[in-house]
Amino acid sequence: MGRRAVRLVAAAFAAASLGVVVTPGCVIKLGKGTGPDETEGAGGSGATGSEGGTAGEAGAGGSYLDDEILMGEEAYAQLDQQELAFASARAGHMTCALSGAVDTGIQVQGLDPESLDLEALLSLVEQYAPEATAEVDALLAGVDPSTLAYTVKPKPECMDQGCKYAEKCQKPGYIPEVSHVCFVDDCGPAKCRTCPDWVNDILQNIAFKTWCSYVCVQSGTSPPKVVAVGAGFISKFLNVFGGPFCIAHP
């Protein structure tokens, strides 16, 4: 049943990406983005919270949050651009693929999504992660990183959607042996906004209302190095954040 769920999602991603390069956040687009600072990811650079302010504005009075935001921007600025582009694409694709696989798995297994607690949801993420990751890596194999759009700095505005800005990899999942920090790279609703309707019939927001993709960087090194990518989610019925669920990055 797990393979069926992953393959349904993989088929949707493959069909949606024929002839183009698929970029982070399930946005189908060629090139490095239209703005000087970041791509047109599904989360959007100007996402606002329920009260109309951005996360950056909300955190202006908090020095700890300001320090975290600055740390993330400095880390991204020192990363090799092609390494960041590939990590950003892999993080976004894995996160969307896992969201779709969990939704499909819930349907295939006949589970009641309202009865699933956070531990059960993360257990489903762990169940589908290996094959979802393999499908994403196969999709990205041979893609020239220089053609990938990517986020040139983390997105604190994703905190308006419930994502954590900086976090360590959480269980279940891969925990890097080195000291690390995962910065939120992109976010958005569980559905893929730019995909055809039949794709969104598979990528339904049954379990999660928001996804948060992460790039995890080894701390205390110069230059910094990407050690993992992660997937975080905001559960639909519990309205709590889970993750990031991480996989090792080559």
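At a Förster radius of 41 Å, what calculated FRET efficiency corresponds to the Cβ-Cβ distance of residue 240 and residue 108, to the nearest 0.05?
Details: r = 25 Å, r/R0 = 0.60.
In this case the efficiency is close to 0.95.
What's the ranking of 142-155, 177-190, 94-107 by average number of surrounding C-beta atoms within 10 Å, highest first? Don't jump to the answer; show the numbers that get you there.
On the way: 142-155: 19.3, 177-190: 22.6, 94-107: 26.7.
By packing density, highest mean first, the sequence is 94-107, 177-190, 142-155.
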Problem set entry | Over 20 Å [Cα-Cα, the range 99-174], rounded percent | 54 percent
Exercise. Once both labels are modelled 7 Å past Cα along the beta-carbon direction, what's the residue 141-residue 177 spacing in nm?
Worked result: 2.7 nm
Problem set entry | Extension gain, residue 222 back to residue 63 (0.36 nm per residue minus Cα-Cα distance, nm) | 54.8 nm
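Could you work out the local net charge near residue 126, counting Lys and Arg as +1, Asp and Glu as -1, over the other residues with Cβ closer than 11 Å to its Cβ? Could you put the intermediate results ahead of the total?
Working: positive: 171; negative: 119.
Residues close to residue 126 contribute a combined charge of 0.
The numbers here are math on the coordinates, done by the rules we state, and not lab data. Everything numeric here is computed off the predicted structure, so don't read it as measured data. For neighbour counting, all protein chains shown are included, and Cβ atoms are generated from backbone atoms with ideal geometry for every residue, glycine included.
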